1. Please state the shape class of the chain: rounded when a/c is under 1.5, otherwise prolate if a/b exceeds b/c and oblate if not, all from the C-alpha gyration tensor.
2. Of Pro157, Ser209, Cys68, which is farthest towards the positive pole of the chain's charge dipole, taken about the Cα centre with +1 and -1 on the beta-carbons of Lys, Arg and Asp, Glu respectively?
3. What percent antiparallel are the DSSP beta bridges of region 20-146, to the nearest 5?
4. Apply the Karplus curve 6.51 cos²θ - 1.76 cosθ + 1.60, θ = phi - 60°, to the phi angles in region 44-61 and return the couplings in whole Hz, x for Gly and Pro.
5. Could you tell me whether region 191-252 comes out rounded, prolate or oblate from its Cα gyration tensor? Rule is a ≥ b ≥ c as square roots of the eigenvalues, rounded for a/c under 1.5, then prolate if a/b exceeds b/c, otherwise oblate.
6. Pull up all non-local amide H partners of Gly232: gap of 5 or more, or a different chain, and H-to-H distance under 5 Å with H placed in the peptide plane.
7. Determine the distance separating the Cα centre of region 28-75 from the Cα centre of region 139-156; give it in Å without decimals.
8. Quick one: which residues, 5 or more positions from Ala167 or on another chain, have an amide H under 5 Å from its amide H? H modelled 1.01 Å from N in the peptide plane, none for Pro or chain starts.
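Read-outs: derived from the displayed coordinates by stated rules, not from any lab. This structure is a prediction, so every number in the text was calculated from the model and none was measured. In this analysis, Cβ positions are derived from the backbone assuming ideal geometry, glycine residues included, and neighbour counts consider all displayed protein chains.
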Amino acid sequence: MRRKIVAGNWKMNNSLNRGIELATEINKKVRKQEENDVLVILAPPYIHLSDLSRIVDKDAISIAAQNCASEPKGAYTGEISAKMIKSTGAEYIIIGHSERRQYFHETGEILKKKLVLTLENSLTPIFCIGEQLNEREAGNHFDIIKKQLEEALFDLPTNWMGKVILAYEPVWAIGTGVTASAAQAQEMHKYIRNTIAGKFGQEVADNISILYGGSCKPSNAKELFANDDVDGGLIGGAALNADDFFAIINSF
Ligand code: PEP
């Protein structure tokens, strides 16, 4: 079902103690709201997952991993499987973040395997797509996004596709302080929804949540979230501060 969502990606930040402190602070603020139809997700580092899953109110906050292995189990030193993530109490996995694509060379083929493992373990993927600055400047951004959708998602059965959350994160906006304009975000989100409709049907497209990510902060969240096809945000830097993150949650 299409929902308003604000997800915080902590990346490789916060000791376990600081993570518990920050999640507790956010939990207190979110819990206090009487009516809250925003799904709030925290994506801390792996080592926080089980502690955070235990300390947050389940009806206020859900927990996500930032990644998972592309294999189900076995001799893959240092990797964490989707099944292991499930056992921590986490419910979501971010797949295909641009930092994973760029620094860890994750291709469409690898991401497809991760998506399948996530869904097989009854977890919800938050699948990230986004173009580089040179691709936008060359006018190729729609083609790049279409390719990223096609190569990782288009083989999924329709019922699985219905469970996926998408995050459009232009790479030039991530951690740079430069945000896509509300018009640029809406234009791309609409394109993404139409592309999903073309492959999986209008009902799936209408129900899919598409988040915007890239230097989203309290000062611009309202304008971004006001767009018809922007269903919320995937937040990096501003998710490390409870007040900022809470202000973004309240930006709908
Ligand atoms: C992200 O990394 O997903 C992100 C959106 O980061 P930031 O908000 O810091 O640009």
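1. Working: a/c = 1.44, a/b = 1.11, b/c = 1.30.
Taking the square roots of the gyration eigenvalues as a ≥ b ≥ c, the chain is rounded.
2. Ranked along the dipole, the leading option is Cys68.
3. Working: 0 of 9 bridges.
About 0 percent, rounded to the nearest 5.
4. For region 44-61, the Karplus-derived couplings read x, x, 3, 5, 8, 4, 6, 4, 5, 4, 7, 8, 7, 6, 4, 7, 10, 9 Hz, x marking Gly and Pro.
5. Values: a/c = 3.04, a/b = 2.61, b/c = 1.16.
It comes out prolate by the Cα gyration axes.
6. Answer set, sorted by chain and number: Ile5, Tyr212.
7. Taking the Cα centre of region 139-156 as reference, the centre of region 28-75 is 28 Å away.
8. Long-range HN contacts for Ala167: Phe127, Cys128, Ile129, Leu211.
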